[in-house]
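> Pasting in a structure now, in structure tokens, and then I'll have a few things to ask.
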Amino acid sequence: MLPVVFHPDYVVPLPAGHRFPMDKFRRIRDVLLHDRIISTEQIHTPSPATEQTISAVHSTSYIRDYLKGTLDTRAMRRIGLPWSHELVKRTCTALGGTLLSAELALSHGVACNTAGGTHHAFRDFGSGFCIFNDLAVTARHLLNSGRVRSVLIVDLDVHQGDGTAAILQTDPFVFTFSMHCDVNFPFTKQVSDLDISLAEGSGDEEYLQRLRYHLPSLLDSFDPDLVLYDAGVDPHESDRLGKLNLSDDGIYERDRFVIAACVDADVPIAAVVGGGYSDDLNELAYRHTLLHRAASVVFDAHMMGT
């Protein structure tokens, strides 16, 4: 059965009216269980990432200032989330969820977190609701521990993975691939190993065509030991921050293609949910579960040898 990672601490209180849809993480779990995409036996509970693990890519001073709540007002405003002890615990636990998802992927072939994708966090500052960069930390932690020799990061969030690109820009053992809307945040882009910029309004056909062209060749040429996949649903046509026009079917086919391409290439893949923004949290949670639905189909077919 597909391993899925969740922790109740993925959800913490935010001020009324805050634009970050925090409660979606609980609803993702609930929708998956309600629709019988997963059972409770498939859910794995992560431990919070340690300060030492996070220091694989983040500066000691930034880590300690955030954990202690001593970042200045300007730095906190750039993150966009109000500091609290609960948010500190949530941040470390969600990062631990991506670490656990990667470990599960290495042993099972495919695994999915129900949070993660904090790709706007840089080495010494946070940005865009991202505090510590779970993708960069996980890649570098597994490399440092000798669990893998190379990692491919596939970032299909509508926003460029700028923090990930900046942190790993000179790392020869990690390849960063970001496919994003060209006129969306961040407005100053970093340089990934491969950046594919899509025009505002691009839909399913163009998006999938570009993805199908690039991903198989990357898997073949870079030959990674692990893929970390940011499956943001903000390219969706109804996303309030997206500016692309993917449908539900397009998102599902995107996720199915990425996971199947990795499985066919015998490369373990760990997926995180990435960004997604909507006033209707039930619709948003369902949209995020398209990842887990696609992963379950590919995983089950692979286990049956079809």
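> Out of all the residues in region 32-48, which are within 19 Å of the chain's Cα centre (by Cα) and either under 16 Å from L291 (Cα atoms) or part of a loop (DSSP other than H, G, I, E, B) (or both)?
Residues satisfying the conditions are L32, I43, T45, P46, S47, P48.
> Does G17 fit the bill of being farther than 30 Å from D300 by Cα, surrounded by fewer than 17 Cβ atoms within 10 Å (Cβ to Cβ) and at pLDDT below 95?
yes
> Here's a follow-up. Out of R26, R64, report the one residue that is charged (D, E, K, R) and under 18 Å from G116 (Cα atoms).
Criteria check complete, one pass: R26.
> Next question. Looking at (1) in contact (Cβ under 8 Å) with a residue 40 or more places away in the chain; (2) within 19 Å of C112 (Cβ to Cβ); (3) out of contact with any Gly (no Cβ under 9 Å at 6 or more places or on another chain), which one does A271 not meet, given that it meets all the others?
That leaves (3) as the condition not met.
> Let me ask another. Here are S221, S217, S197, S238: which of them is more than 16 Å from the chain's Cα centre (by Cα), part of a loop (DSSP other than H, G, I, E, B) and of a type in the set (S, T, Y)?
None of the other options fit; the residue is S238.
> Let me ask something else. V88 is checked against (1) more than 21 Å from P186 (Cβ to Cβ); (2) in a helix (DSSP H, G or I); (3) in contact with a Ser or Thr (Cβ under 8 Å, 6 or more places away or on another chain); (4) not aromatic (F, W, Y) and fails just one. What number does that condition carry?
The failed condition is (3).
> When you go through (1) of a type in the set (K, R); (2) under 28 Å from R240 (Cβ atoms); (3) free of Cβ contacts under 8 Å to residues at least 24 places away in the same chain one by one for R29, which number turns out not to apply?
(3)
> Could you please tell me which pairs satisfy a Cβ distance under 7 Å, a separation of 6+ or placement on different chains, a first residue in region 132-146 that is more than 12 Å from L106 (Cβ to Cβ), and a second residue that is among the aromatic types (F, W, Y) and modelled with pLDDT of 95 or more?
L143/F173
> Report the residue count in region 147-175 for those that are free of Cβ contacts under 8 Å to residues at least 24 places away in the same chain, hydroxyl-bearing (S, T, Y) and touching an Asp or Glu at 6+ places or on another chain (Cβ under 9 Å).
0
> Just to be sure I understand, how many residues within region 197-256 are at pLDDT 95 or above, of a type in the set (K, R) and surrounded by fewer than 16 Cβ atoms within 10 Å (Cβ to Cβ)?
Result for region 197-256: 2.
Table: residues versus (1) among the hydrophobic types (A, V, I, L, M, F, W, C); (2) crowded, with 24+ Cβ neighbours inside 10 Å.
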{"site": "S84", "(1), (2)": "no, no"}
{"site": "K89", "(1), (2)": "no, no"}
{"site": "T93", "(1), (2)": "no, no"}
{"site": "S101", "(1), (2)": "no, yes"}
{"site": "A111", "(1), (2)": "yes, yes"}
{"site": "G116", "(1), (2)": "no, yes"}
{"site": "F125", "(1), (2)": "yes, no"}
{"site": "V148", "(1), (2)": "yes, no"}
{"site": "D155", "(1), (2)": "no, yes"}
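> Right, next: Evaluate region 49-65: report whether one residue or more is over 21 Å from the mean Cα position of the chain (by Cα), within 16 Å of F129 (Cα to Cα), surrounded by 16 or more Cβ atoms within 10 Å (Cβ to Cβ) and hydroxyl-bearing (S, T, Y).
yes
> I've got another one for you. Just to be sure before I move on: is E86 touching a residue at least 60 places away in the same chain (Cβ under 8 Å) and among the charged types (D, E, K, R) in the structure I sent?
Details: touching a residue at least 60 places away in the same chain (Cβ under 8 Å): yes; among the charged types (D, E, K, R): yes.
It is true that E86 is touching a residue at least 60 places away in the same chain (Cβ under 8 Å) and among the charged types (D, E, K, R).
The values are calculated or read from the model by the stated rules, or taken from the named source; none is laboratory data. In this text the structure is predicted, and so the values were computed from the model without any measurement. Glycine gets a Cβ as well: all are built from the backbone with ideal geometry, and neighbour counts include every protein chain shown.
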